[in-house]
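Q: Pasting a structure here, questions to come.
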Amino acid sequence: MSVTLVSVLFVAAGLTALGAFIAAWKRELTAALTGLPVMFAGAGVAFVGVARFGATSGAPALGQEVAVLLAIAALAAVGLGVGLAGRESSR
Amino acid sequence: MDSLHAIGFYVSAALAGVGGILLAFLHGHWHRGLALGAVGLGVAGIYASLSAGFAAIVVLFCYIGCALLVARPDYRTVEQAAGGLWRQIGALGAALLLVVLAYAAFRGRFALATFYGGPFNSVSVARLLFAHDALATEAVAGVVLVALVGAAIAWRRERPRDEREGRR
């Protein structure tokens, strides 16, 4: 059993498509927003996979850096979405 | 890559996939928060098995934060205006995206290189974040700041209905 760049990219494709499906399928907007971190996770997995298997000796950590930035951006997007949805009124 | 890392990769990928599917079909704030936490745990495991330990820790914290935000019981439910037909077209588009990406991954001719980094790579990632690509880091920090300030302002403006009526 081994992991190759193709298997990493398959996982990344699955996560990206799953995030797009969540964003399109969910009727509630805050639930649809949760597709965004999943899509970002797919992109991050692709970046980390390329950094692990395909990067030359110049910048092997560049993909990991992009994955870190994507995770932070996902957190900001979810925070903004939940904040914009606003607090539920008590009745 | 040894078998232990490979097993870790596939188990983590399965956890992330199952978490994503549960996220798509579960209802309720708590259930969605738990599913998003499972996605974060799986993605962090994928990163750790791909020798990106620092990114795994950051992703774990960020996705736990996302899960806690989504699991809050007190945010409003906002329904989409789009009808069922558009949602089905969007789902078909997501399936088409999967086919295209999987085809590109399967048919692509990628250059393979030997990995010289360590299992954690915090020094090299930090050097990139704060020296080589400091402008990109500052741009993302600015986006995060604007998003959090906007979220805080929007959250404070929405008052419970009885409180607003009590002020009048």
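The values are calculated or read from the model by the stated rules, or taken from the named source; none is laboratory data. Keep in mind the model is a prediction, meaning the values are calculated, not measured. Cβ sites come from the backbone with ideal geometry, for glycine too, and all protein chains shown count toward neighbours. Note: areas computed on protein heavy atoms with side chains; ligands, DNA, RNA excluded. Shrake-Rupley method; radii C 1.70, N 1.55, O 1.52, S 1.80 Å.
Q: Once the Cα atoms of helix B:84-107 and of chain B are each reduced to a long axis, what angle between those two axes, in degrees from 0 to 90 to the nearest 10, is obtained?
A: Between helix and principal axis, roughly 10 degrees.
Q: Let me ask another. Using a 10 Å cut-off around each Cβ of peptide B:20-28, what is the average number of partner chain Cβ atoms that fall inside?
A: What the average comes to for B:20-28 is 5.
Q: Then there is this: Normalized C-alpha radius of gyration of chain A, against 2.2 N^0.38 Å?
A: 1.32
Q: Here is a further query. Go from 0 up to the bin containing the longest alpha carbon distance in chain B, width 5 Å each, and give me the % of pairs per bin.
A: 1, 7, 8, 12, 16, 17, 16, 10, 6, 4, 2, 1, 1, 0
Q: Only counting protein heavy atoms at a 1.4 Å probe, give the residues of the range A:1-19, ordered by number, whose accessible area falls by 30 Å² or more when the other protein chains are present relative to the chain alone.
A: A:Met1, A:Val3, A:Leu5, A:Val6, A:Leu9, A:Phe10, A:Val11, A:Ala13, A:Leu15, A:Ala17, A:Leu18
Q: If you don't mind, there's one more thing I want to ask. Take every Cα pair under 8 Å in chain A that's 6+ residues apart, average their separations, divide by the length, and report that relative contact order as a whole percent.
A: 28 percent
Q: A further question on this structure: Only Cα pairs under 8 Å and at least 6 apart count here; give the relative contact order of chain B as a rounded whole percent.
A: That works out to 19 percent.
Q: Taking the Cα centre of the protein assembly as shown as origin, work out the dipole magnitude from +1 charges on Lys and Arg Cβ and -1 charges on Asp and Glu Cβ, in debye rounded to 20.
A: 640 debye
Q: Where does the range B:1-77 land on Rg(C-alpha)/(2.2 N^0.38 Å)?
A: So the Cα radius of gyration is 1.17 times the expected 2.2 N^0.38 Å.
Q: Roughly how many Å is it from the Cα centre of the range B:61-80 to that of the range A:1-28, as a whole number?
A: 21 Å
Q: Quote the charge dipole size of the range B:80-168 about the Cα centre in Debye, to the nearest 20; the model charges only the Cβ of Lys and Arg (+1) and of Asp and Glu (-1).
A: Around 280 debye, computed over the range B:80-168.
Q: Something else now. Using a cut-off of 15 Å between beta-carbons, work out the net charge of the residues near B:Ile21 (Lys and Arg +1, Asp and Glu -1, B:Ile21 not included).
A: Value of the local net charge: +2.
Q: Can you give the average number of partner chain beta-carbon atoms within 10 Å of each beta-carbon in peptide B:29-41, as a whole number?
A: 2
Q: Taking the Cα atoms of the range B:80-168, what is the range of coordinates along each of the three principal axes, in descending order and whole Å?
A: 69, 44, 22 Å, listed from the longest principal axis down.
Q: Separate question: Springs between alpha-carbon pairs under 10 angstrom, Gaussian network model over chain B: which of B:Leu96, B:Leu26, B:Leu129 fluctuates most?
A: Maximum among the listed residues: B:Leu96.
Q: Report the rotationally averaged projected area of the protein assembly as shown based on its alpha-carbon convex hull, in square nanometres.
A: For the protein assembly as shown, the mean projected area of the Cα convex hull comes to 14.8 nm².
Q: Using modelled amide H (1.01 Å from N, peptide plane; none on Pro or chain starts), what sits under 5 Å from the amide H of B:Gly117, excluding residues fewer than 5 places away?
A: Under 5 Å from the amide H of B:Gly117 lies no amide H from a residue far enough along the sequence or on another chain.
Q: Suppose only helical runs count, i.e. DSSP H with n ≥ 4. What mean residue ellipticity at 222 nm does that imply for chain A under -39500 (n - 2.57) per run, divided by all residues and rounded to the nearest 500 deg cm²/dmol?
A: Here the helix-only value at 222 nm equals -25500 deg cm²/dmol.
Q: Also: What average number of partner chain Cβ atoms lie no more than 10 Å from the Cβ of the residues making up B:2-15?
A: Rounded to a whole number, the mean comes out at 3.
Q: Using Cα atoms only, what is the angle between the long axis of helix B:29-49 and the major principal axis of chain B, expressed in degrees (0 to 90) to the nearest 10?
A: Compared with the principal axis, the helix lies near 20 degrees.
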